[in-house]
Amino acid sequence: MYSSDISKLHESTGRDQKGRRQFMNQWISSLEPVRGIYYDIASFSSYSTKIDFVEWGYNRDKETLPQINLGMVCCRERGLPVFYHVFPGSIVDVSTLKNLLKYLEEYRLKEITLIMDRGFFSTSNVVSLMDSPIRINILQPLSFSLKKAKELISIHSKALKSSRTAFKYNEEIMHHLTTPVHIGYHDFTAHIFFNEKMELEDRHRFLSGLLDIESQYKECKFDSKKEAQTFIDSETPEKLRAFFRWEKSSKRIVKNDFKIKGHLSELGCFIIITNDQNIDKHTVLHYYRDKDKVEKIFDTVKNEMDGDRLRSHSQYGMDGRLFIKFIALIIYMQITKIMRDKKLFEKYSISELVRELAKLKITYLNKMDSVKSEISKKQSQILKAFDIKYP
């Protein structure tokens, strides 16, 4: 297809909202039963000034460009995208769940387990999910920026490091305990995990970073706290800024021991709350570790399918382009799954596999007759792995 034809396809597909919704409904029906879903958000930067949803906001790719945000729901069991929705680039993650509930209801996804990242937590979100007419079990990691999470670690830190709480998960030594927790007016179970190996590695990485920065600051003096903070903000990675302060007596920047002590106490720990009373620690951990499926999907869109830029200059063009990418993504992820299951990655990358099959040609002699190219051993093996019969 020529570039102009592709643009026309994007435009016509973008205008066909009814057709896109019909596809989504039929696609979700073909996936049933969908018991568990992951939800996450990606940003797509754009230079366009003619798309309504392109706005300035938190750019996950750290680009100084306006963007749209795209929320993606992924099937936990099959690792395939279920549906997506688009919203303005200025909307933050925690504000998107109310619309997500509407989409779940629209697509009749009920009695499911919803697994999200910690960035989606807010009391109002949790209450909304629990009060929804759709029956939902949630698995929600808590951020350590929350007072409640800090309190849980502080209260249970001694028990977490006891041999009584230890168990083995895929040859890893983990510690685990549960405790009831109240959010809004709902009761949850908090699964608190501690990983000794992770704590040691994170502690070494964290302290090494602090010491490197401290060595750069030791000769600098500042006459005021404001001047020192400006320097810290400009010269220190954002995630480490809180661990330095200005010392009035020496006029130097020094380590903030209080903040450092608090951070070190949280290393190796993570907390997941759930309203599912029948789920065990192994399943909670498996679901949590497996949530990178949706992150891999976004990575595929951006890095494997030329999706790091929106590359559309109209609303309809954008809608059509995203929908076609969604269909391509379904195919790509299914190819990936089969190649992994049949160990084809030992011989090919996805692009190499597609190039091998692209050698198969049909030559049309006239309106009635055609000749198919001979099939090679490699091509035959690939088609057999995908359960496709060469006609």
Problem set entry | Within the range 117-159, trypsin sites (Lys or Arg not before Pro) in DSSP loop having at most 11 other beta-carbon neighbours inside 10 Å | ARG135
For this session: Would you be so kind as to identify all helices of the chain, as entire DSSP H runs, whose Cα atoms reach 24 Å or more along the helix's own axis and whose mean Kyte-Doolittle hydropathy is at least -1.0?
Result: 196-217, 315-341
Seminar exercise, completed: Check: C-alpha center the range 248-269 vs C-alpha center the range 341-357, spacing in Å is 50
For this session: Pull out the extension gain between SER95 and LYS389, defined as 0.36 nm times the separation in residues minus the alpha carbon to alpha carbon distance; nm, one decimal.
Result: 101.1 nm
For this session: Subtract the Cα-Cα distance of GLU214 and PHE345 from 0.36 nm times their separation in residues, and report this length gain in nm to one decimal.
Result: 42.6 nm
For this session: Using packing as a proxy for protection, rank 216-226, 124-134 so that the peptide with the highest average count of other Cβ atoms within 10 Å comes first.
Result: 124-134, 216-226
Seminar exercise, completed: Heavy-atom accessible area per residue of the chain, all protein chains kept, 1.4 Å probe, expressed in Å², is 58
Exercise. For LEU177, which sequence-distant residues (separation of 5 or more, or a different chain) have an amide H within less than 5 Å of its own amide H, given hydrogens modelled in the peptide plane?
Worked result: ILE192
Exercise. How high is the FRET efficiency from ILE327 to HIS182, r the C-beta distance, R0 41 Å, rounded to 0.05?
Worked result: 0.40
Seminar exercise, completed: Violations at 27 Å Cα threshold for listed pairs LYS98/LYS293; LYS98/LYS197; LYS197/LYS291; LYS158/LYS197 -> LYS98/LYS197
Seminar exercise, completed: Row for the range 174-238, column shape: gyration tensor on C-alpha, a ≥ b ≥ c, rounded if a/c < 1.5 i.e. under 1.5, prolate if a/b over b/c, else oblate; value oblate
Exercise. Sorted by packing (mean other beta-carbon atoms within 10 Å per residue), highest first, where do 264-272, 360-368, 327-335 land?
Worked result: 264-272, 327-335, 360-368
Exercise. At a Förster radius of 22 Å, what calculated FRET efficiency corresponds to the Cβ-Cβ distance of ARG252 and LEU207, to the nearest 0.05?
Worked result: 0.70
Exercise. Using a 1.4 Å probe on the protein chains only, how many percent of the accessible area of the chain belongs to carbon and sulfur?
Worked result: 51
Exercise. With contacts defined as alpha carbon pairs under 8 Å and 6 or more residues apart, what's the relative contact order of the range 215-324 in percent?
Worked result: 15
Exercise. Mean residue ellipticity at 222 nm from the helices of the chain, using -39,500 (n - 2.57) per DSSP H segment of n ≥ 4 over the full residue count, to the nearest 500 deg cm²/dmol?
Worked result: -13500 deg cm²/dmol
Exercise. Taking a spot 7 Å from the Cα of LEU65 along the direction of its beta carbon, which residues of the range 2-28 have an amide N less than 19 Å from it?
Worked result: 7
Seminar exercise, completed: Scoring the chain by relative contact order with C-alpha pairs under 8 Å, at least six apart, yields a percentage of 19
Problem set entry | Proximal lysines to LYS221, defined as alpha-carbon separation beneath 27 angstrom and excluding residues fewer than eight positions away on the same chain | LYS239, LYS248, LYS251, LYS255, LYS259, LYS261
Problem set entry | Nearest-0.05 FRET efficiency for ASP16 and SER234, computed from C-beta distance (R0 56 Å) | 0.70
For this session: State the percent of C-alpha pairs, over all pairs in the chain, separated by a distance greater than 26 angstrom.
Result: 66
Seminar exercise, completed: Ordering TYR288, TYR185, TYR107, TYR2 by the accessible surface of their heavy atoms, 1.4 Å probe, largest first, yields TYR2, TYR185, TYR288, TYR107
Exercise. Can you give the Kirkwood hydrodynamic radius of the range 88-233 from its Cα pairs, in Å with one decimal?
Worked result: 19.2
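The values are calculated or read from the model by the stated rules, or taken from the named source; none is laboratory data. On a predicted model such as this, the values are computed, not experimentally measured, just so you know. Reconstructed Cβ throughout: ideal geometry from the backbone, glycine too, with neighbour counts over all protein chains shown. Surface areas here come from the heavy atoms of the whole protein model, side chains and all, with no ligands, DNA or RNA. Shrake-Rupley method; radii C 1.70, N 1.55, O 1.52, S 1.80 Å.
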